[in-house]
Each structure stands twice: as structure tokens, then as C-alpha cells.
Amino acid sequence: MDEQFDFKTRYRNILLIVLGACFFISLGIILIAKPGASRIWANVLLNNQYFLGLSLGAGFFLAIHRLALSGWHTLIQRIPDAMTTFIPVAFILMLLIYFGMHHLYIWTDNTLADAVIEGKKGWLNIPFFFTRIVLYFIGWIAFSWLMRQNYSSLMTSSDIKYYNRGRMFAGLFLAFYAITVSASSWDWIMSLDARWYSTLFGWYVLIGMFVTSLAFITLMIWFLKRLGYLKFVRIDHVHDMAIYMFAFSIFWTYQWFAQYELIWYGHLPEETSYYITRVHHFNVIFFINLGVNFLVPFFGLITYNSKRNLNWVALIAAILLVGHWLDYWLMIMPAGAGEKATIGVFEICMTIMYACLFLFIVLKSLSARPLVVKNDPFIKESLNYES
Amino acid sequence: MSDTSYITISFEDEIPLLQAVRKLRENKEIIKDVLSPFPVHGLDEALSMKRTRIPVVGFIFGALGAVLAFGFQAWVFTVSYPLIIGGKPFFSVPTFVPITFEVTVLFAGLSMVAALLIRSRLKPEITFTPLDVRITDDRFVILVDTPDNDASLERVKSILSGIQTVEIK
Amino acid sequence: MFQSPVRDPLIEGSNTYKSITSDILNPMMNKASKYWYMGMTLATMAMFFGLFMIFWTVWQGIGTWGENRTVGWAFEITTFVWWIGIGHAGTFISAILLLFRQKWRNSINRSAEAMTIFAVICAALFPLIHLGRPLLTFFIFPYPNTRGLWVNFNSPLVWDVFAISTYFTISLVFWYVGLIPDIGTLRDKIGKGVKKTIYTFLSFGWKGSARDWHRHEVSSIMLAAIATPLVLSVHSIVSMDFASSIVPGWHTTIFPPYFVAGAIFSGFAMVQTLLIIARKAMGLEDFITKSHIENMNKILIATGSIVALAYGTEMFMSWYSGNEYEHYAFMNRATGPYWWAYVIMITCNVLSSQLLWLKKLRTSLVFTFFLSIVINIGMWFERFVIIVTSLHRDFLTSSWTMYKPTIVEYGLLIGTLGIFFTAFLLFIRIFPVISIAEVKSILKTGSRNQPKGDSHHE
């Protein structure tokens, strides 16, 4: 029960070398190929949002299970717990956007004579924008820190009061999360298309974020089990993760459809602009996005046996991770980088760089404490879990 | 039931029932059926029951429903009576999705229930003679497929010695 | 399966399999109490009042209603959406909570599903009444006819027909499949007579064989798996009746999930109303415990907060959009002549449900009962606010007007309430209100006083 993940120097070195290599390749591309400032900043924003989303979705996973008195997930909860440690790093990365504001957001242009954008000035202005960023992150960092502290209390003490206190933190996190993830997605993504709006947008981002985190948690289970850790985690737990990915991918598709359908049906020019850009200029990615994030998990995980094969489930999870990266790409790039946006070496290098950083921080935090919260009152339920 | 060719073993609780099932199977007895007032957890594994294929039926009929519903709407709006409504194209996939989905669910659901009723031979009948009226209340019964004579009765009894049974006959 | 001792027990008292059977069946097999007769009298009176108003509407025409040229949709659509919403909790409990393995659903799913079916029946009446000529109802289905016409598959109203009839069918079938084993219990409990024959007929020859149980369990799970997206789709499609238009206040992309959350919110409120009475009247306190009520209250907080978030999002976006009509529609909602409806909506849905954060209120039966009624009123007003305030001041200022319901319209609401309660009161006399088999399956792991035998085998 006390097994602890050993973040070997070898892994550290591999991650740091790849990170460094990608950094220099990206830097080289920036200096030599000159991809243009908007493309560079759009990439920063995309990866900030994606990896921050992984952490926040993990916090959501923990909070919702804690509040619902879930038992089965107890053995794997250290993985999402470690994932939330990336949030402070994401804060710093998000503040970097300050230097790219003018390249990303047209509403920062004060010379623009546009009545609609002018009307949004009360919300969309740089000081308030960054005030909000700080507020979001203070809340996320504080509540996720409280939840993590609570876990470490549960590591040392079996007093039930820690568990109950953790439920309170989970409730606070959840309430804050629901509001701020909606609002931050309006700020960071929706306002890229400054004239466009959709009330569903925040919820759509929220669910996509959760699916991504589920996929990452599953992939981590696969990874840790391959290295011989998490012996107590059985196929029944994997089965549940697979059901989750299956169900929430369908739910994501539902949100996707609801937003698309209503805008398509209403056919109002101020609303359709978003889809027209994406369907006309990026139609391959547009349909790949739908296919990868809906059809792959739907057909890939529909049968009983497919959900009970760890390698297969991990493969689908990996595809979903790519798929939701594409989803963010579609939300951000066409507006942030313009019609010439592509997926080239630069995008891939930037993402790998971020991924290495994210993995480094998550694995480091995972190795800091045992892999199982052994005083969790539901541990025995999880050990005996049959799906 | 006098003309039984099997032995019935009754229990008051599911724990001895599960023990008995395991023990009987270890001793190569053939269990004809197990009757219980509710689904006993772990019994499926103890009987090494094969998973039912009802979900497959649901999938096939669901797919059929999807194809029929989508095809029908597409046919109506492109071949049978094309009409421009609200400026939408004749072949407008987004508007076909909701009905396609509903019909898929309808077909899948009804086919699975039909499969359940057919496979378990459940149908409305005026008369029904239960083996024991308490089976739907608080009695658990194992039917062992063996001639109902003293020799096999003794054999089963000796296998189950030490397990809390109500009645073996 | 092991159940952590941290959890509240799902069954109170000391029960055995036998006592579960008798505790659940006795209230329905004994003679009905005088309260039942009183309730039944009231409900049938309301029902006949409503039936007369339906007759009056069909006889006289829709002119008997308060609708006018500007406000063409009002009271009846509101009530329709309200009923459909209430009809969502049953399938939510039986399907989504089953998939999430929430064992506490086992003692409330039966009555919630029954409630769903009756609520959908009440809802389905309204499109029929709206048609004006109910005899021509079959026009809404695509059938080959001599004019070569089909229904308009582009219309959300036609999607509604498919969604609601599918929802009704699947809910009914799901409910009945769950009932079969319990009808078997009833059949075996009743000595002889006509009743026995009827229950024998209805029990489909259920004998409780392990294979049958396995198939029954798997098909229940699979039905739950398909009913889950179905629940979401039904209210989403209902919301599209509004959202696919371009009326400011209606045309907004958040509508589908927001309506679903609202539906579950109101549905759970109605379940609370019914179950708090039923557990008391039928002596089912052992099975519908305080912790069941508390759990449902937690779902009320969750869905109530989602609804609140949606209100906030809509309000914000109406300003953010920079669309003056959108902005006006929402300002008019909150501060226009129908401000009182908006205040009722916010008070009853947002503010009152947030009180449930307090454990003291959440575990109080009296408060919960009161709150559940408040929420149902609030949810009725939510639909009223959405529908009427978006219409009554449309683009043409000269057409601005107010809407006032007539007695006929109130009659339709009262009548459907009558139908609903009549059906529910009959249901509790005919079928077990709690799933006997499902409660037995959690006796060993979920009781406060563990019955004899080891609780966690394996």
C-alpha cells in the first residue's frame, strides 16, 4: 500500500532533453522561418489552455467524486491529485499572454471603429482582463491546494474529520470551477472572435476539458501499471474510466451538436461567422475533430470487452488527447492565427515542449507521496471494487 | 411437483446458497437452475454463466433504426417531395439528427426488451405454478439435475454437509 | 460488494427479506385509508374539471384562451414544458443513477418512474389540445397519404413528436421490465381470485431463475445506457422548439443543456413532494430514509446551481452580445411589466435551492417538502418567463401587449394535476411503490442493523 512512484533520473533527463530540444527547434523556427507573431502567441494560448484544462479537469474529477461519496476511484485519486500541481505553472504561462495581447485579440485595438466591440469595452479591456486572470488563478490555486493538503492529511491520519473537511473544499472548488471555467473560456477563447458569442460556449469547453483529463488519467494508469506500480488497480477500475470516456465523449458531442445546430438553424450572420470560418477554411480538421472525438470513443469503447482491455483503452485515451487538442486548435487558431493557421512542425514542437513540462511537474508531484491514499475511508471499497 | 427428476435444495440466505453452488460444481454436479427472490451478487460467476448477448441485439436493431430513420428522412426530402423550408437545403443533415437518434433509441430499447422476453420465455399466461411461492419472497433454491432417488439424495446431502440448508428433497 | 461504513445506511430498522416483502406489499394489499379516498376524491374532481375545460376548448375553440396575436404561445406551452420537465427525474433516477451505481436509487426509482410516465401523459395531452382538432392528431405522424405530403422533418415540433413518443415508450417499457419480478412476488402472495389471475397474467411467468435475473440485469443496464442520452435529448428537443427560432430570449445555444438541468431540478422536486407523503402514509420510513431525502436535496442543489449559472450566463451574454434586441429582451424580463414573474423565478429556483447547503435544512423533512413545492412553482414560472416575456414586446412596438390567462387555461393546469395525482394514487394501490427485489439486493450491504450472516462475503 505504501508504494511510491520513483521518478528516476533517467525519466527526468529524457523529459528535460526533449523539452530542451523542442524549445530550441521552436526558437529556431521563430528566428528563421518567422511564423508571425499571432501564430506564435496563438500557440502559447492554445497550449496554456490545453494543459491548464488537464489540471482543472483533474480537480473537477476529484471534487465531484469526493462530493458524491464515490468509493471506486480511491485507488487512482493520486493521479488527478498530482495533475492539479500544474495550475501555478499555468498561471505564470498565462501571464505571458500579456506580451501578445495585441497580436491575439482585436479588441485590444483602440483605433477600431466597431460599435459591437466598442460596446464590450466594459468587459474586454486589458486591466480587467488580467484582473480576472489573477482572480481565476487565485481561486484555482487556493482550492486545489486545499484539496491536495487534505489528501496529505489523509495520508498520515485516519481521522474522518479530514475526509469531511475535504468534501467542503471539494464543494468550494466545484462552485468556483463551474463559474470560472465558463468565464475564462469567454475571456481567453471566445473573445478571440470578438464579435461572436454563444451562451453554450463555456459549458462546451468545460466538458471537453473533463474528457481530456479523463483520457490523461487513463493513460497515466496504463503508464504506471506498465512500470509495475498500482498493483491494486484492477481491470474493473479501468473499465470505469472507459465508461467515463465513452459517456462524456457522447456528452461532448451532444454539446457540440447543440451549439452547431442552433447556430446553423438560426442562421444569424453574427453567429454563423464562427462556423463559416472553420467550415470553409479548415473543413478537414473540422470534420476530423468530430470524428476523432465522437466516432472513435463511441465505436472503440462500445462493447463490454473493449472496455476491459487496458492497452486498448489507453490507445483510445491517447487518441482522445490528440482529438481534444484539435478541438482547442479549432477554437483558437482560426481566430488567433488567422486563415493561414496550420498544424506544422512549430505547433507540434510547442505542444511537445508543454507536454514535457506538464509531465515533469505531474510526475514529480506524484513521486513526492505514496501512490495510494491509504487512510481514505473508502479504500476498502475501491480494493473490492467490481464493475 | 411430483414428477421431478431433479433434487431441490432450499436456503434462507444467499451466502450458503453461493457456498453450495460452488461446492456442487466442484463435485461435478449439474446445476439445472438456481431460483432466487433477487439477483444474487456473484452467482453469475459461481455458475460460470456466459454473458448474455442482449446488448448485441440492441446494437443491431439500433443501427437498423438509425439507417431507416435517416434514410427515410433523406428520401422524403430529396426524392419523394423536396420542399424548401426555412431556406434550408433539401438534404440537411443537422435536422435529420434528432429523429434519427430517437428512432435508434426506440429500436434498440424495444428490441432488447423483446430479446429478454423471448430468451427468458416470459409471456403473459393465466396460470402459473411456482416451485415454491416463497421463491419470490425469501427462499433461494438450487435445482440439481440428477435422478430423484435415495442414492443421489444422499450424495448431495453429503456434499452439502456443513452448509446451512432449509430442505433437501 | 463491500460498502464502506462511512456511508449512511440505505435501509433503516432491522429488516429481513421477509419483512421487506411484507412491509412494501402490506400498505397496498390492506384496505385503503380514508386519506387515500380523500386524496382520490380531490384528484378526480380536479381531473374532471380539467377534462371539461379540454372539452370546452375543443368545442369553443382556442378563443377561450388568453392568447392574442402577439403572445401566441403562453400558458399551455408553459404547462407542457413543465410536465415534460417533471417527467425527467424518473428516468434520471432509474437510468443515470443506475449507471453511476448510486445504490440509494433502488428504493425510489419505481415511484419516480411511475411519476415520469404520468407526467409525460399529462404533457402529451397539450399538443393534442393545441391541435384544435384532436381527431386529426394522426396528421403529425409521417404516414403515406393521397396528397403525397410528409411531415416537415426540419421542424423541432416534429422532432418533439418523435422524442416524446419514444421517451414515453422506453420509460414505460423500462418501468414494466423492472416491475415484472415484483408482480411475481404479488402473484405468489395473493391466495386466489381474480386479482391473482390478473397479477399472474401481468407477471409474465416470472420464476426468478438465475439466467433470467442475469438477462434482466443486463437489459436493465443497457436500457439505462440508452435511456440516459434519451432523457437529455427529449428536453433538448423541447428547448429547440424555442431556440431554433430567432426570437431574442429564445434563440440561445445554452438552451438544450440548461433545459435538461431545469427539468431534472423540477422533476426531483416533484419526487420529493410525492415521496415525503408516501413514506409517511405508507409507513416506508425504513426504505425511504432521511438520507434518501438528503441525497435528492443534494441533486437539487447541483441542478439548481446549474440553472442559476445558466440564468447568469444568459444575462451576461445578452449584454456581451452587443445585440440590442437580445439585451432588451433580458432587461424586459427582469424589469419589465412581468418583473414579478422573474422575481418568483429567481426566488424559488435560485435563492431557495441554495438554502440546501445548510445540513440542517437539507435533512429537515418539513422544509424539504415545503421547498419542493416552492421549486415546482418556480420552475413553472421559469417557463412562463421564458415564453411570455420574450413574446409580449416584440419588434413592432404597436403590437406590444400583455397576456392574461383565462379560467379555461387555469382549468387545464388543474386538470392535468388531477390526472397526475389520480394516476399516482391508483398506482400506489396496484403496484409496489418500491422495487422489492432491488431493495433486497442491498439488504446485506446497506442496512443499519446488519441481518444475520457476514455482510461482505468475498
- prompt: Do the sum for chain B: with -39,500 (n - 2.57) for every DSSP H run of n ≥ 4, divided by all residues, what is the mean residue ellipticity at 222 nm, to the nearest 500 deg cm²/dmol?
  reply: -15000 deg cm²/dmol
field: For the range B:113-146 and the range A:75-121, distance of Cα centres in Å
entry: 63
statement: Computed over chain C, the relative contact order (Cα-Cα under 8 Å, seq sep at least six) in percent reads 35
query: Per residue, how much space in cubic angstrom lies within the convex hull of the C-alpha atoms of the range C:330-383?
result: 65
field: Farthest positive-ward along the protein assembly as shown dipole, Cα basis, beta-carbon charges - from B:I15, C:L443, A:A258
entry: B:I15
message: I need the Kirkwood Rh of the range C:201-250: take the reciprocal of the average 1/r across all distinct C-alpha pairs and report it in angstrom.
response: 14.1
- prompt: What FRET efficiency do you get for C:S245 and A:I141 if R0 is 30 Å and r is their Cβ-Cβ distance, rounded to the nearest 0.05?
  reply: 0.10
- request: Would you mind checking the range B:89-108 for residues with the amide N under 17 Å from a putative spin-label position 7 Å along Cα→C-beta of C:T169?
  value: B:98-108
message: Need one number: nm distance between label points at C:T16 and C:W357, each 7 Å from Cα along Cα→Cβ, rounded to one decimal.
response: 4.8
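Taking trypsin sites (Lys or Arg not before Pro) as candidate sites, keep only those in a DSSP loop with at most 16 other Cβ atoms within 10 Å, then name the longest stretch of chain C containing none of them.
By the stated rule (loop sites, at most 16 other Cβ atoms within 10 Å), C:193-447.
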- request: Rank C:I375, A:S213, C:L412 by how far each Cα sits towards the positive end of the charge dipole of the protein assembly as shown (+1 on Lys, Arg Cβ; -1 on Asp, Glu Cβ) and give me just the farthest.
  value: A:S213
For chain C, the spread of Cα positions along each principal axis, largest first, Å: 77, 54, 43
Simple label model, 7 Å out from Cα along Cβ direction - C:W319 to A:A115, nm: 2.0
statement: Nearest-0.05 FRET efficiency for B:L153 and B:K28 at R0 = 25 Å, using Cβ-Cβ distance, is 0.90
- request: Output the DSSP H helices from chain C with an along-axis C-alpha extent of no less than 20 Å and a mean Kyte-Doolittle hydropathy no less than -1.0.
  value: C:34-60, C:109-130, C:156-189, C:210-243, C:255-281, C:290-320, C:365-384, C:407-430
- request: Sort C:E294, B:E154 so that the residue with the fewest other Cβ atoms within 10 Å of its own Cβ comes first and the one with the most comes last.
  value: B:E154, C:E294
query: Placing +1 at every Lys and Arg Cβ and -1 at every Asp and Glu Cβ, with all other atoms neutral, what dipole size does chain C have around its Cα centre, in debye to the nearest 20?
result: 1520
Lys/Arg +1, Asp/Glu -1 at C-beta; the protein assembly as shown dipole; positive extreme among A:L124, C:M345, C:M402: C:M345
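Over all directions, how big on average is the projection of the convex hull of the alpha-carbon atoms in the protein assembly as shown, in square nanometres? Could you put the intermediate results ahead of the total?
Values: hull surface 173.6 nm².
For the protein assembly as shown, the mean projected area of the Cα convex hull comes to 43.4 nm².
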- line: By Cβ neighbour count within 10 Å, fewest first, C:Y325, A:Y244 rank C:Y325, A:Y244
Taking B:D138, A:D6 and counting other C-beta atoms within 10 Å, the order from fewest to most: A:D6, B:D138
field: Relative contact order (percent, whole number), the range A:9-383, Cα cutoff 8 Å, 6+ residue spacing
entry: 34
- request: Please determine, in degrees from 0 to 90 and to the nearest 10, the orientation of helix B:93-119 with respect to the longest principal axis defined by the Cα atoms of chain B, where the helix direction is its Cα long axis.
  value: 20
- request: Might you report the magnitude of the Cβ-based charge dipole of the range A:9-383 about its Cα centre, with Lys and Arg at +1 and Asp and Glu at -1, to the nearest 20 debye?
  value: 1460
query: If you line up the Cα atoms of the range B:54-119 on their principal axes, what length do they span on each, largest first, in Å?
result: 48, 18, 13
task: Could you work out how far helix A:160-188 tilts from the main Cα principal axis of chain A, as a 0 to 90 degree angle to the nearest 10?
output: 20
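What is the magnitude of the charge dipole of the protein assembly as shown about its Cα centre, with +1 placed on the Cβ of each Lys and Arg, -1 on the Cβ of each Asp and Glu, and no other charges, expressed in debye to the nearest 20?
Charge dipole of the protein assembly as shown: 1320 debye, to the nearest 20.
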- request: Mind checking C:61-73 for the average number of partner chain beta-carbons within 10 Å of each residue's beta-carbon?
  value: 0
query: Hey, what angle do you get for helix A:126-156 against the long axis of chain A, alpha-carbon based, 0 to 90 degrees rounded to 10?
result: 10
- prompt: Which of the aspartates and glutamates could a cross-linker bridge to A:K364, judged by Cα under 16 Å and excluding same-chain residues fewer than eight apart?
  reply: A:E3, A:D6, A:D81
- request: For C:K404, go through the aspartates and glutamates and keep the ones whose alpha-carbon is under 14 Å away, minus same-chain ones fewer than eight residues off.
  value: C:E67, C:E76
query: What FRET efficiency comes out for the pair C:N145/A:F298, r = Cβ-Cβ distance, R0 = 45 Å, nearest 0.05?
result: 0.75
query: So for the pair C:F100, A:V345, with labels modelled 7 Å out along Cα→Cβ, what separation do we get in nm?
result: 4.9
field: Square roots of five times the Cα gyration tensor eigenvalues for the range A:9-383, Å
entry: 34, 22, 22
Candidate lysines for bridging to C:K18, where Cα separation is under 22 Å - those fewer than 8 sequence places away on the same chain excluded: C:K31, C:K103, C:K189, C:K192, C:K195, C:K196, C:K207, C:K280, C:K440, C:K444, C:K452
- request: Give the relative contact order (percent, whole number) for the range C:119-181; include only Cα pairs under 8 Å separated by 6+ residues.
  value: 27
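Where a number appears in this text, it was derived from the coordinates with a stated rule and is not lab data. Remember, it's a predicted structure, so these values are computed and weren't measured experimentally. For neighbour counting, all protein chains shown are included, and Cβ atoms are generated from backbone atoms with ideal geometry for every residue, glycine included.
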